[in-house]
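The values are calculated or read from the model by the stated rules, or taken from the named source; none is laboratory data. Quick caveat: nothing in here was measured; it's all calculated off a predicted structure. So basically every Cβ, Gly included, is an ideal-geometry build from the backbone, and we count neighbours across all protein chains shown.
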Amino acid sequence: HNHLVMSEKLFKVIIIGDPTVGKTSFVQRYVQDTYRRDYKGTVGVDFALKIIKWSETQTVKLQLWDIAGQERFTWMTRVYFKDAHGCIIMFDLTNKNSFQNTLRWKKDVDSKCMLPDGSPIPCMLLANKCDLAERQVDQMEIETFYKDHDFIGWTETSAKEGLMVADAMRFLVEVMLRQS
Ligand code: GDP
Ligand code: MG
């Protein structure tokens, strides 16, 4: 008799960034592989569950927390950040301001959540809408920025075209598995 020891991990992942950068579109693309142009502005928090058969013996369940705009953010921050294992901070490549604001989001995360051992939770920086031509943020600038501010990595994504969506999540899961 061969007994495989099955392991299942549940990770809470929070998705944050300025309104309209594509957070909801990203989650929908990742979880359902669909894209719609007209997601109603999220009210409160949307939850999505993604189950990944990581290996013969390892299942990973991701609970994705998709937040509404900043206005609603303040009163629910504690609950929102509580016990998060990982984080996606997203900006829109065609909106410089959304890139600059990622620093505030990162500081917010680092001040409000940490892993049980006290270290910061892994954060991935995503530059969304890479399918669009009118960019306002330079690649070299992002490259310097993500290192300076302790993101685990960054990549361009397109929720619209489904570019680098699963890859970005896979990278984050690898880090979370290593740290769990
Ligand atoms: P959220 O407010 O961050 O959740 O952003 P949404 O997912 O609601 O998207 C805001 C707008 O950007 C919508 O019109 C989306 O269709 C559009 N959008 C989202 N992701 C992309 C993308 O990768 N490329 C393009 N061109 N548009 C996108
Ligand atoms: Mg949304």
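Data for the structure
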| item | result |
| --- | --- |
| Test: residue in the range 74-83 that is in contact (Cβ under 8 Å) with a residue 60 or more places away in the chain, on the phi > 0 side of the Ramachandran plot and exposed (fewer than 14 other Cβ atoms within 10 Å of the Cβ) | yes |
| Tally, over the range 38-75, of residues that are at pLDDT below 75 and more than 16 Å from ligand 1 (Cβ to nearest atom) | 2 |
| Subset of the range 1-19 (residues that are β-branched (Val, Ile, Thr) and surrounded by fewer than 16 Cβ atoms within 10 Å (Cβ to Cβ)) | 5 |
| Subset tally (residues that are in a loop (DSSP other than H, G, I, E, B) and surrounded by fewer than 20 Cβ atoms within 10 Å (Cβ to Cβ)) for the range 152-171 | 5 |
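Table: residues versus (1) within 16 Å of ligand 2 (Cβ to nearest atom); (2) more than 15 Å from the chain's Cα centre (by Cα); (3) among the basic types (Lys, Arg); (4) under 16 Å from residue 18 (Cα atoms).
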site: 93; (1), (2), (3), (4): no, yes, no, yes
site: 103; (1), (2), (3), (4): no, no, no, yes
site: 155; (1), (2), (3), (4): no, no, no, no
site: 170; (1), (2), (3), (4): no, no, yes, no
site: 174; (1), (2), (3), (4): no, no, no, no
site: 180; (1), (2), (3), (4): no, yes, no, no
